[in-house]
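Below: the structure, in structure tokens.
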Amino acid sequence: MKIVDVCAFYAPQGGGVRTYIDRKLASGPAMGHEIVVIAPGETNRVEERGPGARIIWVESPRFPVDFKYRYFASAEVLHALLDQERPDIVEASSPWRSASMVAAWRGDALRALIMHADPLSAYAYRWFEDVASQSTVDRQFDWYWRHLLRLDARFDAVVSAGASLTDRLRQGGLRRVVTIPMGTEPHLFSPELRDEDLRARLLARCGLGPDATLLLGVGRHAPEKRWPMIIDAVTMAGVNAPVGLVLIGNGRDRAKLLRRAGDNPHVHFLSPIADRPALARLLSSGDALVHGCEAETFGIIAAEARASGLTLIVPDRGGAADQAREAGGYCYASGDTRAAAAAIGTFLTDRQTGPVATKPAPPPRSMDDHFAELFALYHNMRMPHRIAA
């Protein structure tokens, strides 16, 4: 099959979506498929990624909210590229304008909407959490649900990466939702990479000795990640036990987070780690992953931490919660600093009294498992389509 992914979220400095797309560009050809990604870029150019894999960059304006990203400005240009590529399957990797552009294309390829984003969880639920329930927010943002229902009617499948998001989409009336969990990069993350010297060095940067607990937080410094809450929660939990927090990432809120940490010597900041093996070694050398974002559809960093042998301490909604429940981690009420501090405190107590118990869990799923299942779905979707043609 020839699969064209119209991916508005793909950017050189992107996060989880970039990791996902890069793996698709490797996995697809290895499984016998041609993968073409159409992404908004600085200039018009084609980037070859090996046999059967390429990225078509479309000159596009910067996204005003986050300058790392750009957006497709012309449906005509996008439609012309799709006409030129003649895909068997066309994917839209954003639920916004680019999905509407794909829906309006007059080609005969099957269409799949990949739900990499959960905008209500990332923004609206968080903005109004102190004054309105989730159901109330849903009613006020009924236009968004109507938009998703229109897309559901015009796409052949809506692909969700986790049970939590699938349940919400189906409750909202969508009928073509298929759950295909994502996974981690194969053969990369493992508890066997644990480096006690690295762990001791990181704790030393937090002003602590090796007997302390090392918590890791990984992700963009953006409001939806709730890092101020995590800093406050770790500070509260650290009153009763020595605990260090290392935050790996960068973003527009970095200065705010540095101010929030203030003169707390037990919070240390590291820049993003682009070297994937180095990130895998660092993750395996921590004691737990702390996470504040409930808006992720899968929670790839939670999956990578889980595959690295870390305990997960995460909010009780979203993709990270799905990971924690499968692996016997700790969930706390989303957006609640005291609940997060209590969950960290429980973990610290459990750790002091013996090895932290975890529920038996299946081996970590790899991203190649995800793509094999996704491509099988596309193959099965095409069979009646080809017969009808």
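Considering each of PRO277, PRO228 in turn, give the residue that is in a helix (DSSP H, G or I), surrounded by fewer than 24 Cβ atoms within 10 Å (Cβ to Cβ), at pLDDT 95 or above and touching a helix residue (DSSP H, G or I) at 6+ places or on another chain (Cβ under 6 Å).
The unique qualifying residue is PRO228.
For the stretch 23-63, the set of residues classified as over 22 Å from MET367 (Cα atoms), of a type in the set (A, V, I, L, M, F, W, C) and surrounded by 14 or more Cβ atoms within 10 Å (Cβ to Cβ) consists of ILE56, TRP57, VAL58, PHE63, listed by residue number. Taking the criterion of being within 16 Å of ILE89 (Cα to Cα), in a helix (DSSP H, G or I) and among the basic types (Lys, Arg), the only residue of the stretch 1-41 that qualifies is LYS24.
Applying the criterion of being crowded, with 23+ Cβ neighbours inside 10 Å and either in a loop (DSSP other than H, G, I, E, B) or of a type in the set (Lys, Arg) (or both) to the residues of the stretch 210-225, the residue that is nearest to the chain's Cα centre (by Cα) is GLY219. Among the residues that make up the stretch 71-84, is at least one of them outside any loop (DSSP other than H, G, I, E, B), assigned by TED's automatic domain parsing to the domain that holds ILE114, modelled with pLDDT of 95 or more and buried (at least 19 other Cβ atoms within 10 Å of the Cβ)? Yes, the stretch 71-84 has at least one match.
In the stretch 354-365 there is no residue that is touching a strand residue (DSSP E or B) at 6+ places or on another chain (Cβ under 9 Å), more than 29 Å from PRO210 (Cβ to Cβ) and crowded, with 24+ Cβ neighbours inside 10 Å. Of all residues in the stretch 222-243, which are touching a strand residue (DSSP E or B) at 6+ places or on another chain (Cβ under 9 Å) and farther than 26 Å from ILE300 by Cα? Answer for the stretch 222-243, where residues must be touching a strand residue (DSSP E or B) at 6+ places or on another chain (Cβ under 9 Å) and farther than 26 Å from ILE300 by Cα: GLY238, ALA241, PRO242. TYR123 fulfils the conditions (1) modelled with pLDDT under 85; (2) on the phi > 0 side of the Ramachandran plot except for a single criterion, (2). Kindly evaluate TRP105 against the criterion of being touching a residue at least 12 places away in the same chain (Cβ under 8 Å) and over 28 Å from GLY28 (Cα atoms). The answer is no for TRP105.
Conditions (1) buried (at least 24 other Cβ atoms within 10 Å of the Cβ); (2) among the polar types (S, T, N, Q), marked per residue:
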| site | (1), (2) |
| --- | --- |
| ILE301 | yes, no |
| SER308 | yes, yes |
| LEU312 | yes, no |
| GLY318 | yes, no |
| GLY328 | no, no |
| ALA333 | no, no |
| ASP336 | no, no |
| LEU348 | no, no |
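Just a yes or no: is a residue in the stretch 187-203 part of a loop (DSSP other than H, G, I, E, B), modelled with pLDDT under 95 and either among the aliphatic types (A, V, I, L, M) or more than 26 Å from ALA372 (Cβ to Cβ) (or both)? For the stretch 187-203, residues part of a loop (DSSP other than H, G, I, E, B), modelled with pLDDT under 95 and either among the aliphatic types (A, V, I, L, M) or more than 26 Å from ALA372 (Cβ to Cβ) (or both): present.
I'd like the full set of residues that are in contact with a strand residue (DSSP E or B) (Cβ under 6 Å, 6 or more places away or on another chain) and either of a type in the set (Val, Ile, Thr) or surrounded by fewer than 17 Cβ atoms within 10 Å (Cβ to Cβ) (or both), limited to the stretch 244-268. VAL246, ILE248, VAL267 - these are the residues of the stretch 244-268 that are in contact with a strand residue (DSSP E or B) (Cβ under 6 Å, 6 or more places away or on another chain) and either of a type in the set (Val, Ile, Thr) or surrounded by fewer than 17 Cβ atoms within 10 Å (Cβ to Cβ) (or both).
The values are calculated or read from the model by the stated rules, or taken from the named source; none is laboratory data. Since we're looking at a predicted model, the values are computed, not measured. Glycine gets a Cβ as well: all are built from the backbone with ideal geometry, and neighbour counts include every protein chain shown.
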